[in-house]
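Inspection log for the structure reproduced underneath, given as structure tokens.
Values quoted throughout were computed directly from the atomic coordinates according to the rules given, and no laboratory measurement underlies them. Note that the coordinates shown come from a computational prediction; the quantities given were computed from them, not determined experimentally. So basically every Cβ, Gly included, is an ideal-geometry build from the backbone, and we count neighbours across all protein chains shown.
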Amino acid sequence: MLSYTLENINDQFSFFNTAREDYLYNFSLTTDDPLIGPSMLQLILTTKCNLKCKMCGVWKTEEEEAQTPYIKKAIDDAYKLGNLQQIYFTGGEVLMREDIFSLVKYVRDYYPQLVVYLNTNGLLLNKRNIDRLFDLKLTDLGISVDSPDPKIHNSLRGEGVFERVIEALDYINAEKKRRNVNYPMLGTLSVLMDQTLDTIYDMLDFCIKHNFSVISIQPYVCNSDLRGKKQDELWIKEERLPLLRETLNKIESKRNKIPLYINIESDKIYNYFTQPLYVDKCYAGFSRVLVVGKKINFVCNGPNDEKCQHFGTVDKDSINEVWSSEKARFFRNTIKSCRNNCVQFCSIRPSSDSLADIHQRLLDKHNLFLLFREIELLEDYAARYPGLKIQEIIDSDYSIIKENPGKLLNSIKGLVAHCHAEDLKRCLLKDISSLGAHLKNTDRSRFSVFKRGHNKIDHEGKNIIKGG
């Protein structure tokens, strides 16, 4: 039986909305139709950098930078698409942009619910800049560390870089303690290559020691080109592949056992370095919008460079219009034929890969109320897109709920009795009045039995639990 506290109600809806998001990205991929907005807006504000890292090609490029008002408009436009959860400021070296602090402030002032992630090589994290980020309540700070061995890190990035990073980390952690705050959360993206393979496992202890919350491990991309394997001195050598497998297994063995979130796709990384990787599900055209300087893109160019270099510019075009444009639809369709060796995080969304797995996660909650909500969502999209073939999931929910109508009714009544958020309470009361019609409904080819529109959960990207 549910514990009907407001916190519990929020947890239930939060879980459902996560499942809904997983479903809609899956449906979007199947139909080439963006049924949900991007969860991340990644802004490469500048390609200028104060380092010339051996594994990075960004500093070798030159992109015309967008002015501050256009960056703010891009943030506004991306938010209007309805599912934005994170703004990712990066470069080049993002702290070389004089307006970076005003841009962080803009997001924190107008979109305080969003995660604001700022990624830096650490050289410009002096005390003054760190204090400004604290004052702005930056939520997440990424500092690049590829190896806990100073010699290895500095050989890749530059003399003295490691020591400067440690100095910044020490000050950040001391300030967190002095200010009694837990922000910004610290994360690092470590590049896995031949030079870092021997020490990448030791990065786990390094991150724990310096109070990182997240480590992301990304395989080296030769010359920053996502379109295939080009071996060079940074590529993991064939004779070291057994060590790669052993190291990845050791890292995996620590997942959920240490106070550090490990963001890694071990099997895909291993396949990436051993053989061409066929990515049969790529979410690059759905989960993220990338702005490089002025150019609007969906992270990569896919298999068709000529037609997918970029989709517009922030000073002339709206991300909203670009997102649903014919050119974007062409990209989403052609990316299905992409056979590139790509293990970029933008392409991967395991939680959306299988409709059956998404449904099973809801079943595992043993919550008829969530299944009741799920039927509404699935009926809606089954009617709009018959090719999705989701009728079996709907049928299984109908069976479970029909066997337990009294339990479901009591569940909803319990939620109503303990709900003080008026918007949510109205939806729950409508649920009770609709339950009988729902259980008697046999014509499942119709649009949802909830066509009255009384409980379109988060349908426009707004959480109806405003009081939660």
For this session: Please go through the range 96-188 and write out the GluC sites (Glu not before Pro) that DSSP classes as loop and that have at most 15 other C-beta atoms within 10 Å.
Result: Glu98, Glu159
Exercise. How many times 2.2 N^0.38 Å is the alpha carbon radius of gyration of the range 1-110?
Worked result: 1.43
For this session: Quote the FRET efficiency, to the nearest 0.05, computed for Glu159 versus Ser318 with a Förster distance R0 of 51 Å and r equal to the Cβ-Cβ distance.
Result: 0.70
Exercise. In sequence order, what are the phi-derived ³J(HN,Hα) couplings for the range 43-50 according to the Karplus relation 6.51 cos²θ - 1.76 cosθ + 1.60 with θ = phi - 60°, rounded to whole Hz, with x for glycine and proline?
Worked result: 10, 8, 6, 8, 9, 6, 8, 8
Problem set entry | Estimated inter-spin distance, Asn180 and Ser253, nm [label 7 Å along Cα→Cβ] | 4.2 nm
Exercise. Considering the range 36-349, what Rg and Dmax in Å follow from its alpha-carbon atoms?
Worked result: 19.1, 53
Problem set entry | Lys/Arg +1, Asp/Glu -1 at C-beta; the range 325-409 dipole; positive extreme among Tyr385, Cys338, Leu409 | Cys338
For this session: Treat every Asp and Glu Cβ in the range 1-100 as -1 and every Lys and Arg Cβ as +1, leave all other atoms uncharged, and give the resulting dipole magnitude about the Cα centre to the nearest 20 debye.
Result: 300 debye
Problem set entry | 3J(HN,Hα) from dihedral phi, the range 379-395, Karplus parametrisation 6.51/-1.76/1.60, rounded to Hz, x for glycine, proline | 4, 4, 7, 5, 6, 6, 9, x, x, 6, 6, 10, 5, 4, 5, 4, 4
Exercise. For the range 113-174, which chymotrypsin sites (Phe, Trp or Tyr not before Pro) are in a loop by DSSP, counting at most 14 other Cβ atoms within 10 Å?
Worked result: none
Exercise. Where the only charges are on Cβ atoms (+1 Lys, Arg; -1 Asp, Glu), what is the dipole of the range 36-349 about its Cα centre, to the nearest 20 debye?
Worked result: 660 debye
For this session: Along Cα→Cβ, 7 Å out, is where each label goes; now give me the distance between the ones at Gln391 and Glu63 in nm to one decimal.
Result: 4.6 nm
Seminar exercise, completed: Among Pro112, Leu186, Thr139, the residue whose Cα sits farthest towards the positive end of the charge dipole of the range 94-239, when +1 is placed on the Cβ of each Lys and Arg and -1 on the Cβ of each Asp and Glu, is Pro112
Exercise. From the backbone phi of the range 242-247, what are the Karplus-calculated ³J(HN,Hα) couplings (6.51 cos²θ - 1.76 cosθ + 1.60, θ = phi - 60°) in whole Hz, Gly and Pro given as x?
Worked result: x, 5, 4, 4, 4, 5
Exercise. Using 7 Å Cα-to-Cβ label points, what is the Ile152/Asp131 separation (nm, one decimal)?
Worked result: 3.6 nm
Exercise. Which pairs in the list Lys72/Lys295; Lys151/Lys268; Lys127/Lys177; Lys336/Lys389 are over 23 Å apart, alpha-carbon to alpha-carbon?
Worked result: Lys151/Lys268
